[in-house]
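Novice: Structure incoming, see below.
Just so it is clear, none of the values below were taken in a lab; they were calculated from the coordinates. All values reported here derive from a predicted model rather than from experimental measurement. All Cβ positions, even for glycine, are placed from backbone atoms using ideal geometry, and neighbour counts span all protein chains on display.
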Amino acid sequence: MKTIRITIVAMLLFVFLFSQIVQSFSSATSNNGKGNTPLQQEIPDGFPMPHYKFEQNKLTQEGFDLGRKLFYDGRLSKDGNFSCGSCHQQFAAFSTYDHSFSHGFNNSSTQRNAIALFNLAWQKEFHHDGGINHLEVQPLAPLTSPNEMAETMNTIIQKLKKEKDYRKMFKSSFGDEKITGQRILKALAQFTGSIVSADSKYDRMKKGIATFTPYEERGYLLYKTNCASCHPEPLFTDLSYRNIGLSLDTFLNDFGRMKITGKSEDSLKFKVPSLRNIAVSAPFMHDGRYQSIKACVEHYGNKINKSTTLDSLLQNGIRFNRAQTVDLIAFLRTLTDSTLLKSYRFSDPENKSFNNIDKH
Ligand code: HEC
Ligand code: HEC
């Protein structure tokens, strides 16, 4: 009898403690999305499972809308001029149009080419050297970097707190009006993590609703034999770090991945970028040294600089004759996702002149 009573007391105690733990856990995660309108993460047919699944950051319409507003808000930068969207322009697949380096605070510029933003949920690591390993942490780099937005999180929070609109949006996204750094980062990740590119001519060809021209078809075969080992379908990147023999710019002295790992075998290796949307995201490579797709293709033929870490696949270069170059480029142009480039959902919510758009 006594043991039963003790067991019951122990069980009650356990239930009580457990409920306390659950409660403290749920209040600790009150930064998780609390919006009322859940959104389903988009996973296109044929794509692998994403790495970032919004598990600790419930994707909701409210959180997405807040992230979208933050992404396009210059007030997140010190002088009010540099929103995320100022360097990551939608029509250029969220890269910086026509600039090797992007303009940032105080007339300075970035040291690397702004990366096009899409399919980020499939990536484990970010930046050309993979120096950042979480989508929700990534924005801290541009927000605080002196040559980008040059702001501190505290000042951003103070600025946003003054805005009634923001207080309302934080409430509808997270349950109360509190504005914290973590919530800002989570909301931004709801926006950036939702940018999916999977509606190009190539994708429609795969679904059987578009047909390649003979050029594109021949280019696709050339791509499969020569480029797919590093830029494989459907993401068109294997997300590894490789040295493709770009000569070192002795002014920038950028050794890429080695800066992060400290290992000499990573010298001059950079993250393999996706080939999706390259027709609109020039210039190319980590330092924006090539202005055209043709220059990139020619690089693999005759500009490869030999060094100990040069990728084994590129020891002899990859050469194409003129007709093959035309075919290959025709194929690469099928990877442009005009739906994304024109999507109202991902556009600047303040931009009233954004017409020729499909409102979805
Ligand atoms: C001044 C220009 C500039 C601004 C402003 C800027 N970025 Fe960037 N962004 C860059 C550059 C340059 C890189 C590449 C950095 C590197 O590799 O070291 C980059 C890289 C990224 C990446 C990594 C993509 C990948 O595939 O690895 C993400 C994500 C990103 N930016 C999001 C943002 C967000 C969110 C903001 C606003 C909080 C922002 N950026 C503001 C220039 C900018
Ligand atoms: C050994 C792996 C490898 C192979 C093979 C390869 N690439 Fe690349 N590619 C890379 C890496 C790594 C980069 C980025 C280098 C940098 O940023 O400095 C890159 C960059 C590019 C870029 C620039 C994209 C951008 O957004 O800056 C283009 C275009 C490109 N490759 C096309 C091709 C084509 C076409 C082929 C086939 C002929 C090919 N690549 C074969 C690894 C490879």
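Novice: Give me the dipole magnitude in Debye, nearest 20, for segment 61-196 about the Cα centre, with unit charges on the beta carbon: positive for Lys and Arg, negative for Asp and Glu.
Specialist: On the way: 16 positive and 14 negative charges, 99 e Å.
The calculated dipole for segment 61-196 is roughly 480 debye.
Novice: Expressed as an acute angle from 0 to 90° and rounded to the nearest 10, what is the orientation of the C-alpha long axis of helix 164-174 relative to the principal long axis of the chain?
Specialist: Here the helix axis deviates by roughly 80 degrees.
Novice: For the chain, give the magnitude of the charge dipole about the Cα centre (Cβ charges: +1 Lys/Arg, -1 Asp/Glu; no others), in debye to the nearest 20. Let's see the in-between values first.
Specialist: Numbers: 45 positive and 35 negative charges, 139 e Å.
Result for the chain is approximately 660 debye, rounded to the nearest 20.
Novice: Here is the link list: K164/K186; K186/K206; K34/K124; K171/K271; K263/K342. Which ones come out longer than 31 Å on Cα distance?
Specialist: Values: K164/K186 20 Å; K186/K206 34 Å; K34/K124 25 Å; K171/K271 38 Å; K263/K342 42 Å.
Violating the 31 Å Cα-Cα cut-off are K186/K206; K171/K271; K263/K342.
Novice: When only Cα pairs under 8 Å and 6 or more residues apart are kept, what is the percent relative contact order across the chain?
Specialist: Working: 618 pairs, mean separation 68.3, N = 360.
Relative contact order of the chain: 19 percent.
Novice: Can you sort F174, F236, F47 by how many other beta carbons sit within 10 Å, fewest first? Mind dumping the intermediate values first?
Specialist: On the way: F174 26, F236 23, F47 16.
Ranking F174, F236, F47 by Cβ neighbours within 10 Å, fewest first, gives F47, F236, F174.
Novice: Name the residues whose placed amide hydrogens come within less than 5 Å of the amide hydrogen of Y290, ignoring near sequence neighbours (fewer than 5 apart) on the same chain.
Specialist: Close amide H contacts, sequence-distant or interchain: F284.
Novice: What are the ³J(HN,Hα) couplings of segment 297-304, residue after residue, when phi is run through the Karplus curve with 6.51, -1.76, 1.60 and θ = phi - 60°? Round to Hz, x for glycine and proline.
Specialist: Along segment 297-304, the couplings run 4, 5, 3, 5, x, 9, 10, 5 Hz.
Novice: Okay, moving on. Taking only the alpha carbons of segment 201-338, what extent do you get along each of the three principal axes, in Å, biggest first?
Specialist: Rounded to whole Å, the extents work out to 48, 28, 24 Å.
Novice: Oh, and also: Using unit Cβ charges (K, R positive; D, E negative) and no other charged atoms, how large, in debye to the nearest 20, is the dipole of segment 34-114 about its Cα centre?
Specialist: 260
Novice: Can you list the residues, at least 5 places off or on another chain, whose amide H is less than 5 Å from the amide H of S109, using H built in the peptide plane?
Specialist: Sorted by chain and number, the residues that satisfy this are G104.
Novice: Moving to a separate point now. Using θ = phi - 60° and the Karplus relation 6.51 cos²θ - 1.76 cosθ + 1.60, list the HN-Hα couplings for segment 332-347 in order, rounded to whole Hz, with x at every Gly or Pro.
Specialist: Running phi through 6.51 cos²θ - 1.76 cosθ + 1.60 with θ = phi - 60° gives 4, 6, 6, 8, 7, 9, 5, 4, 5, 4, 10, 5, 4, 3, 9, 8 Hz.
Novice: A further question on this structure: Please arrange T96, T225, T152, T60 by counting, for each residue, the other beta carbons lying within 10 Å of its beta carbon, fewest first.
Specialist: Values: T96 24, T225 9, T152 13, T60 21.
So the residues, fewest neighbours to most, are T225, T152, T60, T96.
Novice: What's the center-to-center distance, using Cα atoms, between segment 90-115 and segment 201-272 in Å?
Specialist: Here the two parts' Cα centres lie 20 Å apart.
Novice: Calculate one ³J(HN,Hα) per residue across segment 49-63 by plugging θ = phi - 60° into the Karplus curve 6.51 cos²θ - 1.76 cosθ + 1.60, and present them in order as whole Hz with x for glycine and proline.
Specialist: Values, residue by residue: 5, x, 7, 9, 10, 6, 5, 9, 8, 3, 6, 9, 4, 5, x Hz.
Novice: Which one, F82, L275, H128, projects farthest toward the positive side of the charge dipole computed for the chain from Cβ point charges (K/R +1, D/E -1)?
Specialist: F82
Novice: For K162, list the aspartates and glutamates whose Cα falls under 13 Å from its own Cα; do not include residues on the same chain fewer than 8 positions away.
Specialist: Straight-line reach from K162, under 13 Å: E177.
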